[in-house]
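Quick notes on the structure that follows.
The values are calculated or read from the model by the stated rules, or taken from the named source; none is laboratory data. Computed from a predicted structure; not experimentally measured. Note that each Cβ is placed from the backbone with ideal geometry, even for glycine, and that neighbours are counted across all protein chains shown.
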Amino acid sequence: MEKLKAQLEELLTRLENATELRAKVKELVSIYPFSEYEYIISHLLASKKLSLDEYYQLRNDYLDRNLYLYLFEISAPRGFGELWAHGHLKELVPSLQRPSKQTDPNYSGEYDFFLSPNIRIEVKASRAVEFRSSAPLYLKALASDSQKQFDMNFQQIKPACCEVFVWLAVWRDVIKHWVIPSYEVENNRNYSKGQHRGNIGEGQLHLNKDNIHEFDKYLVQAKDIEAAIRAAFKREKRLRKHG
């Protein structure tokens, strides 16, 4: 929204009554789908200060910057963290299997996916939103180039229950994927053990503007996730053996 507001503010200078229109916008009551943005754009079009081609460009630029804004409208944590995240990863890596007693007789919900022949995978997902803002998720959603602080908390991390972690993070304009050996999560300086009292072997890790680049070496392109999982599994085995 920051970029769109700046663009519209610049376009308003084309109007002779820009000051009057700004005052009306401040008093405007917005009810979906009518908003201050629609109000300003309609005035610019009506006064022929914004051409149709310019409007299309403005619209397309906004869509490109907000491809994944709809994911911030999922309010239920399970709806995002499990239903969407698991479905998204399964689409990218069709060979992933949902575990069951048939694939693992000892399975009781400890991990999320199984990749043949014997790789256990736990999936965690989060969204980049403005830190300490009380606004609805879709209003405080951040773009990947935003300089505002955010705090993505990957919770209920259980390194002993999987060999590989796949973390997903959503910004307004991009989805990022990290593939990390369990050992390297467990021994990362940002990992905090004991998220809940009595939950032995469980912890959490916060990703924010200050530490996120420490994890750049784990970033992978969507098309390379399966290969990255297999490589991380091999590294996990070496680290557990010699670490």
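Some observations on this one:
Here is a yes/no grid of residues against (1) surrounded by 13 or more Cβ atoms within 10 Å (Cβ to Cβ); (2) over 14 Å from the mean Cα position of the chain (by Cα):
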| residue | (1), (2) |
| --- | --- |
| 82 | yes, no |
| 87 | no, yes |
| 94 | no, yes |
| 100 | no, yes |
| 110 | yes, yes |
| 121 | yes, yes |
| 130 | yes, no |
| 137 | yes, no |
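- Qualifying residues in segment 197-230 (those that are more than 24 Å from the chain's Cα centre (by Cα) and surrounded by 12 or more Cβ atoms within 10 Å (Cβ to Cβ)) - the one modelled with the highest pLDDT: 201
- Count - residues of segment 36-85 that are hydrophobic (A, V, I, L, M, F, W, C) and touching a helix residue (DSSP H, G or I) at 6+ places or on another chain (Cβ under 8 Å): 13
- The set of residues in segment 33-81 being among the acidic types (Asp, Glu) and touching a residue at least 60 places away in the same chain (Cβ under 8 Å) consists of 64, 73.
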